[in-house]
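Single-structure report; data block below.
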Protein chains: 2
Amino acid sequence: MERVTIYQVAEAAGVSVATVSRALNGGPVAPETRTRVLAAVRRLGYRPDRLAQGLATGKSRTVGVVIPDAAGPLYGQMQRGLADVLAAAGFGYIATESRRDPGREAALLDEMLARKVEALVLVGSGLPPEALKARFGKLPPVVLIEREGGEAGVPTFQIDNERGAYRATRHLIEAGHRRIAHVRGLRRAGREREAGYRRALAEAGLAPGPVVAGDFSEEGGYRAARELLAAGGFTAVFVANDRMALGVYRAAFEGGLRIPDDLSVVGFDNLPFAAYLNPPLTTLEQPAQRLGALAGEAVLALVGGRPITGQVLPCGLKARASVKHIEGGTV
Amino acid sequence: MERVTIYQVAEAAGVSVATVSRALNGGPVAPETRTRVLAAVRRLGYRPDRLAQGLATGKSRTVGVVIPDAAGPLYGQMQRGLADVLAAAGFGYIATESRRDPGREAALLDEMLARKVEALVLVGSGLPPEALKARFGKLPPVVLIEREGGEAGVPTFQIDNERGAYRATRHLIEAGHRRIAHVRGLRRAGREREAGYRRALAEAGLAPGPVVAGDFSEEGGYRAARELLAAGGFTAVFVANDRMALGVYRAAFEGGLRIPDDLSVVGFDNLPFAAYLNPPLTTLEQPAQRLGALAGEAVLALVGGRPITGQVLPCGLKARASVKHIEGGTV
DNA sequence: CTGGGCGATGTAAGCGGTTACATCGCCATG
DNA sequence: CATGGCGATGTAACCGCTTACATCGCCCAG
């Protein structure tokens, strides 16, 4: 691969390499010289070597993204938002999965630091920032997405899980439900959604219905729902995510319960399938792509030395047919 | 950030930088010296700068991945397979979405080449290799996943869509169906699946039922199914992917048809929701993670100068309750 | 005893850029 | 007319690492 270097461009344009570099990076160059250089660049097909640039400047124009689990359905959207704003600014990114394994995560970070990433985007659960600081000493700027532990100067972007869950639950209450069960999720999102659920109930003077733990998977939702149905005593259930809601649908069907006539269900995430279930699932939409885009802008700000603060994004209720307005009644 | 360089390690260990480099990279070094160097490395927390290494060796230990659409549900799995084998070999990767936009794709490749990727993994549809060659001249080794145009020396890994579709259709035929409709997908996967469908039918001496075009989305499946149902004349339908199958479920329900009693359905992909639909959807499972892993191994082989050939992976039928065994009858 | 060979190590030249500093005209000013 | 200042450009050092080549002991064979 006969790479074209800046020297060849310099020679072709009849100037020095310094001038070529300046012409390319907006340094002080006579307009006429600049066009000559650019012409040579084009003619030769010159493309600056990012590695060499990085070595010389200490900047790699790369950001590292660490995510617990890339298989999540919303991750794709988030990544898209992030990638777009970064790419527009000429930044590349390297992304990797931590699999929720601290050792693995540390190794990934090590590798990223070796590649001189200019910023780190940490998504979801993982090593707490203090642990990182202890292990790695000085770190490049960090942006957190849906992750705890953002101190001052570490912008955190997240979905308002608590408020979303609150809205979901309120939606059920307003539909006339008085006994509302909950299938809980995992980790922080799970806790926050449960909190919102409880707040809505408390505010309405209602006792929390049965609450059972799930693991965010279809199977987990299914098992949780069976447990719930065995107990009975509720007319609606707020499920911490759509995948589990699917399991709930299944358990309800097997139990001979019709949704929403016998049981109303609200999910969370608004996955693509939600609108096409039978009945269509009422759920909360997460602005995942926007979350990614905001994080990307935060990265750019931080890299540019501008301070920036995080944000909590609301999620919107998608009311569909899985919730029934009732007068009374109990499973 | 006071980076520790190889010079500091050399000084601390009382050797020259060359020796440090050799000790680290398995060059000829006296055992005693090596331990001394490694001790210094540990003590100082030295971490080689990948950029500088890359510049010096011409190798970046990075591979570039281009994918049309990262939001696809199977992409996460594929990426996991790929990332794992790459990471185990000390390779990082930069991934980006082309959005099926040739201009964008070309720009991405340009950026990757500038970063001196040692190999390219091209996923799904995109610029044909000849176009790439014309635009970029010499390219690093390329591995194709689910993409056309692999010539000699360009290993291609793909799912056996045709055979999968054939199996799906056979499954319906064996269940007694004689009039089998098809909701077609897009691009190559769509064409291949349709081909398998037609082959199974032809082989069984059956006429292809109504075939209507879909776009792989729930909505597309829904619309296609409505069109199909308006025509009628079939007892089963093979849908080119699970998401569209969901739309078919919806249309069937709205049309008052019960699945599988009035209509049998087979999908493709085995997305997580498939097993939890009502009824559970019979579909074909794609070994996406394995596909990624194989591609990763191919990259490693190519980078190591070993030739390697592509592979076509079969997909397995997950028989579930959306198909009914029948004696006769027509919608 | 001496020269050759070999393994361990050091020296220094790149890799392809950026950039501090020096140089060089040229023009306005005193 | 000499001088200072300024914009455009060139020179060369440096970023952190790898590696070809030189050097240096040391051991063994002649």
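At least 2 residues being of a type in the set (D, E) is the threshold, and among the strands (runs of 3 or more DSSP E) wholly inside the stretch B:89-179 not one reaches it. Residues in the stretch B:114-128 that are open to solvent by 20 Å² or more (accessible area, probe 1.4 Å) and more than 13 Å from chain A (Cβ to nearest Cβ): B:S125, B:G126, B:L127, B:P128.
Against the test of being within 9 Å of DNA strand C (Cβ to nearest atom) and touching a Pro at 6+ places or on another chain (Cβ under 7 Å), the options B:R22, B:R36 yield a single qualifying residue, B:R22.
Determine whether A:R80 is surrounded by fewer than 21 Cβ atoms within 10 Å (Cβ to Cβ), within 30 Å of A:R100 (Cα to Cα) and either more than 8 Å from DNA strand C (Cβ to nearest atom) or not polar (S, T, N, Q) (or both).
Details: surrounded by fewer than 21 Cβ atoms within 10 Å (Cβ to Cβ): yes; within 30 Å of A:R100 (Cα to Cα): yes; either more than 8 Å from DNA strand C (Cβ to nearest atom) or not polar (S, T, N, Q) (or both): yes.
Yes, satisfied.
If you go through the stretch A:65-92 and pick out every residue that is within 7 Å of chain B (Cβ to nearest Cβ), closer than 15 Å to B:G92 by Cβ and in contact with a Gly (Cβ under 7 Å, 6 or more places away or on another chain), you end up with 1. If we keep just the residues of the stretch A:1-11 that are crowded, with 16+ Cβ neighbours inside 10 Å, within 12 Å of DNA strand D (Cβ to nearest atom) and more than 14 Å from chain B (Cβ to nearest Cβ), which is farthest from B:L113 (Cα to Cα)? Here the residue is A:A10.
Selection of the stretch B:24-36 for residues being near DNA strand D (Cβ under 9 Å from one of its atoms) and open to solvent by less than 40 Å² (accessible area, probe 1.4 Å) yields only B:G27.
Assess whether A:L55 counts as being facing chain B (nearest Cβ under 10 Å) and either without any contact (Cβ under 8 Å) to a residue 12 or more places away in the chain or of a type in the set (F, W, Y) (or both). Give the steps one after another, and end with the answer.
On the way: facing chain B (nearest Cβ under 10 Å): yes; either without any contact (Cβ under 8 Å) to a residue 12 or more places away in the chain or of a type in the set (F, W, Y) (or both): yes.
When the stated conditions are applied, A:L55 passes them.
Checking the condition more than 13 Å from DNA strand D (Cβ to nearest atom) and outside the structural domain of A:P102 (by TED's automatic domain parsing), which residue from A:V41, A:V65, A:V17 passes?
Working: A:V65 fails: outside the structural domain of A:P102 (by TED's automatic domain parsing); A:V17 fails: more than 13 Å from DNA strand D (Cβ to nearest atom).
Answer to the check: A:V41.
Every residue, every condition in (1) more than 14 Å from every other protein chain (Cβ to nearest Cβ); (2) aliphatic (A, V, I, L, M), yes or no:
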residue: A:P141; (1), (2): no, no
residue: A:G164; (1), (2): yes, no
residue: A:R167; (1), (2): yes, no
residue: A:R178; (1), (2): yes, no
residue: A:A207; (1), (2): yes, yes
residue: A:V211; (1), (2): yes, yes
residue: A:F216; (1), (2): no, no
residue: A:R226; (1), (2): no, no
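Here is the figure for the stretch A:189-207: residues that are open to solvent by less than 60 Å² (accessible area, probe 1.4 Å) and touching a helix residue (DSSP H, G or I) at 6+ places or on another chain (Cβ under 8 Å) total 12.
Which one of B:L300, B:L281, B:L246 is buried (at least 17 other Cβ atoms within 10 Å of the Cβ) and either at pLDDT below 95 or assigned by TED's automatic domain parsing to the domain that holds B:G153 (or both)? Let's see the steps before the verdict.
Working: B:L281 fails: either at pLDDT below 95 or assigned by TED's automatic domain parsing to the domain that holds B:G153 (or both); B:L246 fails: either at pLDDT below 95 or assigned by TED's automatic domain parsing to the domain that holds B:G153 (or both).
Exactly one residue qualifies, and that residue is B:L300.
More than 9 Å from chain A (Cβ to nearest Cβ) and at pLDDT below 90: is that true of B:P28 in this structure? Judged against the criteria, B:P28 is a match. Cβ-Cβ contacts under 7 Å between residues 6 or more apart (or on different chains), taken from a first residue in the stretch B:10-21 that is closer than 14 Å to B:L38 by Cβ to a second residue that is open to solvent by 30 Å² or more (accessible area, probe 1.4 Å) and near DNA strand D (Cβ under 9 Å from one of its atoms), are listed as B:A10/B:S16; B:A10/B:V17; B:V20/B:I6; B:S21/B:I6.
Within the stretch B:271-278, is even one residue surrounded by 24 or more Cβ atoms within 10 Å (Cβ to Cβ), farther than 23 Å from B:E194 by Cα and in contact (Cβ under 8 Å) with a residue 40 or more places away in the chain? So far as the stretch B:271-278 goes, yes, one or more of its residues are surrounded by 24 or more Cβ atoms within 10 Å (Cβ to Cβ), farther than 23 Å from B:E194 by Cα and in contact (Cβ under 8 Å) with a residue 40 or more places away in the chain.
Scanning the stretch B:2-16 for residues that are more than 11 Å from DNA strand C (Cβ to nearest atom) and in a helix (DSSP H, G or I) yields B:Q8, B:V9, B:A12. Can you confirm whether the stretch A:44-54 contains a residue that is more than 7 Å from DNA strand C (Cβ to nearest atom), within 22 Å of A:V142 (Cα to Cα) and not assigned by TED's automatic domain parsing to the domain that holds A:V121? Within the stretch A:44-54 (the criterion being more than 7 Å from DNA strand C (Cβ to nearest atom), within 22 Å of A:V142 (Cα to Cα) and not assigned by TED's automatic domain parsing to the domain that holds A:V121), the answer is yes, since at least one residue qualifies.
The values are calculated or read from the model by the stated rules, or taken from the named source; none is laboratory data. Here the structure is a predicted model, which means the values were calculated and not measured. When we count neighbours, we look across all protein chains shown, and the Cβ atoms used for this are built from the backbone with ideal geometry, even at glycine. Heads up: the accessible areas ignore ligands, DNA and RNA and are worked out on the full protein's heavy atoms, side chains in. Shrake-Rupley method; radii C 1.70, N 1.55, O 1.52, S 1.80 Å.
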